[in-house]
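Engineer: Can you read through this structure? Questions will come right after.
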Amino acid sequence: MKTSTAIIYVDPASRSPLSMETDEMQGQEVWRGHLRNKEGMDFPIKDGIPDLTYPRQLHRRDEHARSFYEGRVEGYEKNLYLTFHIQGENEETIRNSMIDSLGLNPEYRVLEIACGTGRDSQLIAKRLGPNGRLFLQDISPGMVNFCRSKLGTVSVPTEYSVGNACYLPFQDRYFDAVYSFGALGEFSDIRRSLSEMVRVTKVGGRIGVGDESMPPWLRETTFAKILATTNPQFMAEIPLKDVPIDARSVRLRWIIGGVFYFLDFTVGEGEPTAEFDLEIPGPRGGTLRTRYEGQLEGVTPEAKKLVQQAIAKKGTSMHKWLDAVVRDAAKRDLGT
Ligand SMILES: C[S@@+](CC[C@H](N)C(=O)[O-])C[C@H]1O[C@@H](n2cnc3c(N)ncnc32)[C@H](O)[C@@H]1O
């Protein structure tokens, strides 16, 4: 990792800055060293790659993923083409179409989470130039090392790290785009991971994620049962309820023979807003906000009938009539 990258990494739990200690340099790269948080917790840098995995005692699902992939890097790279082949799809075309949804420009800062052997990483790298920045991370050190050797020298400055998708070790609002394919269903806390993706992405930035999920209308078919017998992950639900409230312009599509989903969205801030104060024409009147925020107690059916007659006679709306009457009565009783 480059010395200048140290300030982009933060403590994955507290998000406070880390200090760096260098034991060995290779050219511009810190080859061996340490990143440390304020409490002295150590995140080693080994062969130029920092390991920011948190927590130390991983959730059993994340621990399983780490050891499962750690022993299968070469096999994964050799056989992964099958996922696309079985569905009669061209892997590069599909991967490029997912990456298209990020709307990258060559100067973007991009994070790919769970990069694996770098099959998407190399396509993302091609779209970025020397003024962009690409961060590639995975929980398996073997995967990250393989990815780095696959990419070799690319024109975009690239940083590799080992870490847990549920606790991202990056500054708030640093990236223009965050991407992850084929891993979400393995994360121990998908909700947390999606919220971390939003935290590290600029407002207006793009996020794209995808993984296995058989569409509901195919779940009872032989087609689905055959696929799910070998890979039960095909029966995973799309984590729609875990999408953060900050997501805007959310799009969902099924890809790779229609058995994987891809979800992309733009990052906003907090809840969406709308024109809640627009006057609504008609006898009820008021606005969406007065109807929600201005509710008082109910009245008797006789009183309601009388009011309806009164507003019909006056040619006003229920909202205007009630607002004036309640306001006048309250002022009178308050003596103001
Ligand atoms: C099926 S592979 C997908 C790799 C790559 N994205 C691709 O499309 O070929 C899943 C990857 O997710 C990584 N992974 C699983 N759990 C993770 C976690 N909690 N944090 C980061 N990476 C994780 C694994 O190490 C593995 O490399």
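Engineer: Among the aspartates and glutamates, which have Cα under 16 Å from the Cα of LYS304 when same-chain residues fewer than 8 positions away are ignored?
Structural biologist: ASP323
Engineer: Kindly state, to the nearest 0.05, the FRET efficiency for LYS225 paired with LEU252, given R0 = 25 Å and r defined as their beta-carbon distance.
Structural biologist: According to the calculation, E is roughly 0.60.
Engineer: Provide the gained length on full extension for the span GLN87 to GLN57, in nm with one decimal, where the gain is 0.36 nm per separating residue minus the Cα-Cα distance.
Structural biologist: Net length gain for the segment: 7.0 nm.
Engineer: To continue, here is another question. Return one number: the angle in degrees, 0 to 90 and rounded to the nearest 10, between the long axis of the Cα atoms of helix 141-151 and the longest principal axis of the Cα atoms of the chain.
Structural biologist: Taking Cα atoms only, the helix is inclined about 80 degrees.
Engineer: For each of ASP246, ASP189, count neighbouring Cβ atoms within 10 Å of the residue's Cβ, then give the residues from fewest to most.
Structural biologist: So the residues, fewest neighbours to most, are ASP189, ASP246.
Engineer: Give the angle, between 0 and 90 degrees and rounded to the nearest 10, that separates the Cα long axis of helix 301-314 from the longest principal axis of the Cα atoms of the chain.
Structural biologist: It is inclined by approximately 80 degrees.
Engineer: Compute the long axis of helix 318-334 from its Cα atoms, compare it with the longest principal axis of the Cα atoms of the chain, and write down the angle in degrees, 0 to 90, nearest 10.
Structural biologist: Approximately 80 degrees, to the nearest 10.
Engineer: Structure shown: which of LYS78/LYS150; LYS46/LYS126; LYS126/LYS241; LYS46/LYS150; LYS2/LYS78 lie over 22 Å apart, alpha-carbon to alpha-carbon?
Structural biologist: As for pairs spanning more than 22 Å Cα to Cα, those are LYS46/LYS126; LYS126/LYS241; LYS2/LYS78.
Engineer: Which of rounded, prolate or oblate describes region 33-167 when judged by the alpha-carbon gyration tensor and an a/c cut-off of 1.5?
Structural biologist: oblate
Engineer: Also, quick follow-up: Considering the zone a paramagnetic label at GLU237 would reach in this model (a point 7 Å from Cα along the Cα-to-Cβ line), which residues of region 193-221 have amide N under 15 Å from it?
Structural biologist: Within reach of a label on GLU237, which here means backbone N under 15 Å from a point 7 Å along Cα→Cβ, region 193-221 contributes 213-217.
Engineer: Right, next: FRET efficiency for GLU275 and TRP217, Cβ-Cβ distance as r, R0 = 41 Å, nearest 0.05?
Structural biologist: Between GLU275 and TRP217 the formula returns 0.70.
Engineer: Can you pull out the chymotrypsin sites (Phe, Trp or Tyr not before Pro) in region 261-298 that DSSP calls coil and that have at most 14 other Cβ atoms within 10 Å?
Structural biologist: PHE276
Engineer: Among the GluC sites (Glu not before Pro) within region 1-39, which fall in a DSSP loop and have no more than 13 other Cβ atoms within 10 Å of their own Cβ?
Structural biologist: GLU39
Engineer: Right, here's the next one. Rounded to the nearest 0.05, what FRET efficiency do ARG191 and SER67 have when you use their Cβ-Cβ distance and R0 = 22 Å?
Structural biologist: 0.40
Engineer: Size of the dipole of region 49-169 about the Cα centre, Lys and Arg at +1 and Asp and Glu at -1 on the beta carbon, nothing else charged, in debye to 20?
Structural biologist: That gives region 49-169 a dipole magnitude of about 160 debye.
Engineer: Does the chain come out rounded, prolate or oblate by the C-alpha gyration tensor, with a ≥ b ≥ c the root eigenvalues, rounded set by a/c under 1.5 and, if not, prolate when a/b is larger than b/c and oblate if not?
Structural biologist: prolate
Engineer: Suppose every K and R has +1 on its Cβ and every D and E has -1 on its Cβ; what is the size of the dipole of region 288-334 about the Cα centre, in Debye to the nearest 20?
Structural biologist: That gives region 288-334 a dipole magnitude of about 220 debye.
Engineer: Now, a different point. What distance in nm separates the two pseudo spin-label positions at GLU39 and GLU107, each 7 Å out from Cα along the beta-carbon direction?
Structural biologist: Computed distance between label sites GLU39 and GLU107 equals 4.0 nm.
Bear in mind these aren't lab numbers, they're just calculated from the coordinates by the rules spelled out. The model shown is predicted, which means the values in this text are computed figures rather than measured ones. Positions of Cβ are backbone-derived with ideal geometry, glycine not excepted, and every protein chain shown enters the neighbour counts.
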